[in-house]
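Enquirer: Take this structure first; my questions come after.
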């Protein structure tokens, strides 16, 4: 099993109530009128936008539109999660 597949399997079992914006790929916002809005977080980060500002802006917009939102799907960037977490996991496991 590839490392990417292992991380996908791990992440699908995690209860994701809050996800750091730095590991998001995109958000898909479904409005009650049937409109779907894609927020490309990965692109915003790649353009050099500050993660904290992105998170504050997205949260503010979600609160403003709360009455119109049916659902929101978060898509996690598996490669980014692996790059962030794997070194820490390796460091912890090396001490066993």
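Enquirer: Could you check, for region 11-22, whether at least one of its residues is assigned to a helix (DSSP H, G or I), modelled with pLDDT of 80 or more and surrounded by 14 or more Cβ atoms within 10 Å (Cβ to Cβ)? First the steps, then the outcome.
Expert: Keep residues of region 11-22 that are assigned to a helix (DSSP H, G or I), which gives 11-12, 21-22.
Subsequent filtering for residues that are modelled with pLDDT of 80 or more retains 21-22.
From what's left, surrounded by 14 or more Cβ atoms within 10 Å (Cβ to Cβ): 21-22.
Within region 11-22, one or more residues are assigned to a helix (DSSP H, G or I), modelled with pLDDT of 80 or more and surrounded by 14 or more Cβ atoms within 10 Å (Cβ to Cβ).
Enquirer: Filter region 23-49 down to the residues that are touching a residue at least 40 places away in the same chain (Cβ under 8 Å) and more than 15 Å from residue 79 (Cβ to Cβ), then identify the one that is surrounded by the fewest Cβ atoms within 10 Å (Cβ to Cβ).
Expert: Of the residues in region 23-49, the ones touching a residue at least 40 places away in the same chain (Cβ under 8 Å) are 23-30.
Now restrict to residues that are more than 15 Å from residue 79 (Cβ to Cβ): 27-30.
Numbers: 27: 18, 28: 13, 29: 19, 30: 15.
Taking the candidates together, the pick is 28.
Enquirer: For region 70-79, give me the residue count where each residue is part of a strand (DSSP E or B) and in contact with a strand residue (DSSP E or B) (Cβ under 6 Å, 6 or more places away or on another chain). Outline the logic, then answer.
Expert: Going residue by residue through region 70-79, those that are part of a strand (DSSP E or B) are 70-76.
From what is left, the residues that are in contact with a strand residue (DSSP E or B) (Cβ under 6 Å, 6 or more places away or on another chain) are 70-75.
Looking only at that region, the number is 6.
Enquirer: Only one of these is assigned to a helix (DSSP H, G or I) and either modelled with pLDDT of 90 or more or farther than 28 Å from residue 5 by Cβ (or both): 45, 93. Name it. Walk me through how you get there before you give the answer.
Expert: Details: 93 fails: either modelled with pLDDT of 90 or more or farther than 28 Å from residue 5 by Cβ (or both).
Step by step, each of 45, 93 is checked, and only 45 is assigned to a helix (DSSP H, G or I) and either modelled with pLDDT of 90 or more or farther than 28 Å from residue 5 by Cβ (or both).
Enquirer: Test of understanding: among 64, 88, 53, which residue is surrounded by 10 or more Cβ atoms within 10 Å (Cβ to Cβ), more than 14 Å from the chain's Cα centre (by Cα), under 17 Å from residue 23 (Cβ atoms) and free of Cβ contacts under 8 Å to residues at least 12 places away in the same chain? Steps first, answer last, please.
Expert: Working: 64 fails: under 17 Å from residue 23 (Cβ atoms); 88 fails: surrounded by 10 or more Cβ atoms within 10 Å (Cβ to Cβ).
After applying the criteria, what remains is 53.
The values are calculated or read from the model by the stated rules, or taken from the named source; none is laboratory data. Remember, it's a predicted structure, so these values are computed and weren't measured experimentally. Virtual Cβ from ideal backbone geometry, glycine too; neighbours counted across all protein chains shown.
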